[in-house]
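Engineer: Here's a structure for you.
The values are calculated or read from the model by the stated rules, or taken from the named source; none is laboratory data. These numbers come from a predicted model, not from an experiment. Glycine gets a Cβ as well: all are built from the backbone with ideal geometry, and neighbour counts include every protein chain shown.
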Amino acid sequence: MERKKQTNPTTGKYYSEKDFILGKTVFLVGFKFALNKADEYTEKYMEDNGGIFPEADLDHLIQKIKSKGATHENLQDYAIYLMKTLDKNNDGFVNVSEFSNGLKMLGIFASKHEEHTLMRKFDTNGDGKISMEEFYNCLAAHF
């Protein structure tokens, strides 16, 4: 495939950078590609350009979570409530699956890219799961 602008066969328009977010499917020269991962450079670029990629805008995503916490007296109570709701197997950690399903249960609807962005931010040590400490510290930094 040569380097040139590619047309989206479903819309007839050229693809733009905002079409290449996680969870999307693109069609290039007769092949179908499901976008499941991105390299660190690409993820950082998306996070730094929230106007183009709102799915990677952490402030926007934290607002989604924060909006559901209005009934709680303080951040600590809300963080404990969220962690208990998300941690279905009560092991003290929230994995990707628990995180995704828990957000839906809480009425916080997020795309695959948004879930990925949140997981990246909350999982500060990169072990693939969120501890209560990581969860609280990230929320505290944005509340």
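Engineer: Within the range 109-139, which residues are under 19 Å from PRO54 (Cα atoms), assigned to a loop (DSSP other than H, G, I, E, B) and not hydroxyl-bearing (Ser, Thr, Tyr)?
Structural biologist: PHE109, ALA110
Engineer: Please indicate, with yes or no, whether at least one residue in the range 66-74 is in a loop (DSSP other than H, G, I, E, B) and of a type in the set (S, T, N, Q).
Structural biologist: Yes, that holds for at least one residue.
Engineer: Go through the range 109-141 and give me each residue that's of a type in the set (Val, Ile, Thr), touching a residue at least 24 places away in the same chain (Cβ under 8 Å) and more than 16 Å from THR85 (Cβ to Cβ).
Structural biologist: Across the range 109-141, the qualifying residue is only THR117.
Engineer: On to the next question. Find the residue count for the range 17-34, including only residues that are within 14 Å of the chain's Cα centre (by Cα) and of a type in the set (A, V, I, L, M, F, W, C).
Structural biologist: 2
Yes/no per residue for (1) in a strand (DSSP E or B); (2) at pLDDT below 90:
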{"site": "GLY12", "(1), (2)": "no, no"}
{"site": "VAL26", "(1), (2)": "yes, no"}
{"site": "THR42", "(1), (2)": "no, no"}
{"site": "GLN63", "(1), (2)": "no, yes"}
{"site": "LEU82", "(1), (2)": "no, yes"}
{"site": "THR85", "(1), (2)": "no, yes"}
{"site": "GLY107", "(1), (2)": "no, yes"}
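Engineer: For residues in the range 121-143 being under 15 Å from the mean Cα position of the chain (by Cα) and closer than 15 Å to LYS66 by Cβ, which is surrounded by the fewest Cβ atoms within 10 Å (Cβ to Cβ)?
Structural biologist: Selected residue: LYS121.
Engineer: Additional query: Mind listing just one residue for me: the one in the range 44-60 that is in a loop (DSSP other than H, G, I, E, B) and small (Gly, Ala, Ser) and, of those, nearest to ARG120 (Cα to Cα)?
Structural biologist: My answer is GLY50.
Engineer: Can you go through SER111, SER97 and tell me which one is within 25 Å of ALA38 (Cα to Cα) and exposed (fewer than 12 other Cβ atoms within 10 Å of the Cβ)?
Structural biologist: The conditions single out SER97.
Engineer: Here are some residues: LYS37, LYS44, LYS64. Which one is surrounded by 15 or more Cβ atoms within 10 Å (Cβ to Cβ), within 15 Å of the chain's Cα centre (by Cα) and within 22 Å of LYS129 (Cα to Cα)?
Structural biologist: LYS64
Engineer: Could you tell me whether any residue of the range 112-123 is within 24 Å of ASP19 (Cα to Cα), modelled with pLDDT of 85 or more and hydrophobic (A, V, I, L, M, F, W, C)?
Structural biologist: Yes, there is a match, as at least one residue in the range 112-123 is within 24 Å of ASP19 (Cα to Cα), modelled with pLDDT of 85 or more and hydrophobic (A, V, I, L, M, F, W, C).
Engineer: Let me ask something else about it. Looking at the range 87-105, which of the residues that are part of a loop (DSSP other than H, G, I, E, B) and either touching a residue at least 40 places away in the same chain (Cβ under 8 Å) or charged (D, E, K, R) (or both) is farthest from GLY128 (Cα to Cα)?
Structural biologist: LYS88
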